[in-house]
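Since every read-out is calculated from the coordinates, none of them should be taken as a lab result. Keep in mind it's a predicted model, so treat the numbers as computed, not measured. Methodologically, a virtual Cβ is constructed for each residue, glycine included, from the backbone with ideal geometry; neighbour enumeration extends over all protein chains shown.
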Amino acid sequence: MDELIEDGGRRLVVGDRAGGEVDILGIGFGSSNLSLAIAIEEFNDRHPAGRRLTARFVDVRRQFGWHDGMLLPGATMQISFLKDLVSLRTPTSPFTFLNYLQEQGRLSDFINLKTFFPTRREFHGYLSWASLLSNVAVRAADILRAITDEQPASQPDHHANQQRLPAAIRTDPR
Ligand SMILES: Cc1cc2nc3c(=O)[nH]c(=O)nc-3n(C[C@H](O)[C@H](O)[C@H](O)COP(=O)(O)OP(=O)(O)OC[C@H]3O[C@@H](n4cnc5c(N)ncnc54)[C@H](O)[C@@H]3O)c2cc1C
């Protein structure tokens, strides 16, 4: 059992605090939270130490995977590569699909395919690459078991409670 958050209501500076307090705790580190992690990194790059966010992600998997049991040969994405992890927010980000292609030496080859829809295998490669490029803390092989509200019963203002989001979570090793 591992209590990661003791009081999420406090504004933290860079680095974890005693008890593992963080501003943002992501359950699962799939493509959605990977995109969130990159957004947090970009936010922190633009803000001084006292205004940066701390974050941690927990995933039951030992390494990143995007439905990797379904990477059938020739299967393509259902969405344009432009809807990658970052392009709609920060098209100049190093985390774009185009930058991935460039780093793999695949940019010209992909352009010559004349498609907006990469294969799922190529997109899986992109997401895995981005997960390794990200500096965010991920606790691999931990499974979330429970989230409990730690708010003391004496607090009468329900809306204030919702804004503070106090919580404790319980994870177990896989
Ligand atoms: C075969 C297939 C093809 C798809 N193709 C497309 C597509 O082309 N375009 C598109 O937009 N969408 C597609 N999707 C939809 C897909 O669900 C999303 O693209 C995307 O994977 C959702 O991201 P996610 O991070 O929310 O969930 P996931 O990618 O499923 O990630 C969830 C993560 O949470 C972890 N986790 C779950 N429970 C716990 C727990 N209790 N404790 C710790 N960790 C936990 C899992 O290990 C996993 O890593 C496809 C889905 C499938 C199955």
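Taking other C-beta atoms within 10 angstrom as a stand-in for reagent exposure, Ile24, Ile38, Ile111 fall in the order Ile111, Ile24, Ile38, fewest first.
Annotation note: chymotrypsin sites (Phe, Trp or Tyr not before Pro) in the range 83-124 located in DSSP loop regions with a Cβ neighbour count of at most 16 within 10 Å are Phe116. Residues Lys114, Lys83, arranged from fewest to most other Cβ atoms within 10 angstrom of their Cβ, appear as Lys114, Lys83.
With an a/c value of 1.5 or above and a/b not larger than b/c for the gyration tensor axes a ≥ b ≥ c computed over the alpha-carbon atoms, the range 52-111 is described as oblate.
Among Thr171, Thr90, sorting on how many other beta-carbon atoms sit within 10 Å of each Cβ, with the fewest leading, yields Thr90, Thr171.
Between Thr76 and Arg120, the built amide H atoms are under 5 Å apart, and every one of these is 5 or more places off in sequence or on another chain. Full extension of the chain segment joining Arg145 with Arg89 gains 16.9 nm, where the gain is 0.36 nm per residue of separation less the Cα-Cα distance.
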